[in-house]
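Down below is the structure, laid out as structure tokens.
The values are calculated or read from the model by the stated rules, or taken from the named source; none is laboratory data. Keep in mind that what you see is a predicted model, and the values were worked out from it rather than measured. Backbone-built Cβ (ideal geometry, glycine too); neighbour counts: all protein chains shown.
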Amino acid sequence: MSTLFDQPPSQPRPEAAAPVISSVGRSYLRLHLTPEVGPIRARNLLQRFGDVEAVFAASIRELEQTENVGRKVAEAVFTARDDDRVNGEIEQAASRGVRILCWADPEYPALLKRINDPPVCLYIRGRLEPEDGVAVAIVGSRKCSHYGLEQARRFAEGLARAGLTVVSGLARGIDGVAHHGATIAGGRTLAVLGNGLNHVYPPEHLELSQRVIEHGALISELAMDTAPDAKNFPPRNRIIIGLALGVLVVEASHRSGALITARLAGDYNRESFALPGRVDQPQYCAGTNALIRDGKAQLVTCVEDVLDGLSEVGRIMKGELTAAAQAGGPEDPAPAPGESPPAQVLAELSAEEARVLKAMTVEPAGVASLQAQTELDPGRLLSLLTSLQMKGAVRQLPGSLFVRKNG
């Protein structure tokens, strides 16, 4: 089994000084590592008890009264409070230059947190940046045609040059070429693995994984030493789509795992795109063509089609905002499909999001101005602005200016 650490480590970055895990993250990691406790049960426990510390202070009887938590799971949670596996996991992560983020951490990706089953904890090798909130996933079959490989690289390069982060799964075929294309273009890319970060799979992508680290991050929800296993790959697809605004399927047969990711896009309110393939090569593209035929994905032939399909975010990337929008005038265009005016989302805003929105008007404001008004860290502020854009309360203008929608 090849490991990422057979290679000399890359040059240390300033981010290396950040702690491996936050103080509250330790308790979340303990819950994350508890057998039979996945994201849904974890969320139910937190909703019932208020916070993660209260979960571990509860009795078995109290725990088993939680929705979808029976006696066996309650005993596992109760026993986990004395489990020393957490310290060993953190030590492994530290030795490999891996950070562990939990739901409570401000760096946890805002888009991913909005799906109904986000991982309780994420292992990160590399770095996440605020701009990764504007990302597109590119997926496809491992067994693909030369045409498919060429197109995956073309789209990845084009999207990266447009300023979007490319997300994929580091698998053979389309995934690997997508990561490669993004790095060639000098853009950012995130690879979500179906194994722990002590391993790289497939082994021939060892060098590529290092390039991904340099241009973004390797990401997993699995414990550090979890070996590659077929059962872990379908669940990781929800993370791929959860990190992105939409997913592009380049080639997929009827039985391709890439179709799982495409179906999840609809469940998670993300856009779906598909590149049509040759009808005389169904072994490569029957699934992709079926997505288009059944209206489950938008047909695309170029990067501009993807940007158009991303509505306002895509228009920003293409620099096609109207003069009225650039001036921040009162004639605000109607929200794109799936967006909501601020009046409908205020109840869903966090205290920090509401704080940022309060500081904004219909006049464009830069990050420095908003930072001065909100006294928030620049990275945190950019993350909140991305979240507000996704909720339809804020839009970004050229020149890194932001304006409140609908006044």
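Structure values in brief
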{"read-out": "Tally, over segment 104-145, of residues that are more than 18 Å from residue 268 (Cα to Cα), among the hydroxyl-bearing types (Ser, Thr, Tyr) and part of a loop (DSSP other than H, G, I, E, B)", "value": "2"}
{"read-out": "Within segment 146-189, considering residues that are part of a loop (DSSP other than H, G, I, E, B) and not small (Gly, Ala, Ser), the one surrounded by the fewest Cβ atoms within 10 Å (Cβ to Cβ)", "value": "172"}
{"read-out": "Failed criterion for residue 385 (all others in (1) of a type outside the set (Asp, Glu); (2) assigned to a helix (DSSP H, G or I); (3) at pLDDT below 80 hold)", "value": "(3)"}
{"read-out": "Single match in 306, 249, 279, 300 (criterion: modelled with pLDDT under 90 and among the β-branched types (Val, Ile, Thr))", "value": "279"}
{"read-out": "Which numbered condition residue 65 misses (of (1) at pLDDT 90 or above; (2) closer than 19 Å to residue 119 by Cα)", "value": "(2)"}
{"read-out": "Members of segment 234-256 that are surrounded by fewer than 18 Cβ atoms within 10 Å (Cβ to Cβ) and of a type outside the set (D, E, K, R)", "value": "234, 235, 254"}
{"read-out": "Where a residue in segment 374-390 is on the phi < 0 side of the Ramachandran plot and its partner, wherever it lies, is of a type in the set (S, T, N, Q) and buried (at least 16 other Cβ atoms within 10 Å of the Cβ), with Cβ under 7 Å and at least six apart", "value": "378/371; 381/371; 381/374; 389/396"}
{"read-out": "Condition broken by residue 204, with the remaining ones in (1) under 22 Å from residue 148 (Cβ atoms); (2) crowded, with 21+ Cβ neighbours inside 10 Å satisfied", "value": "(2)"}
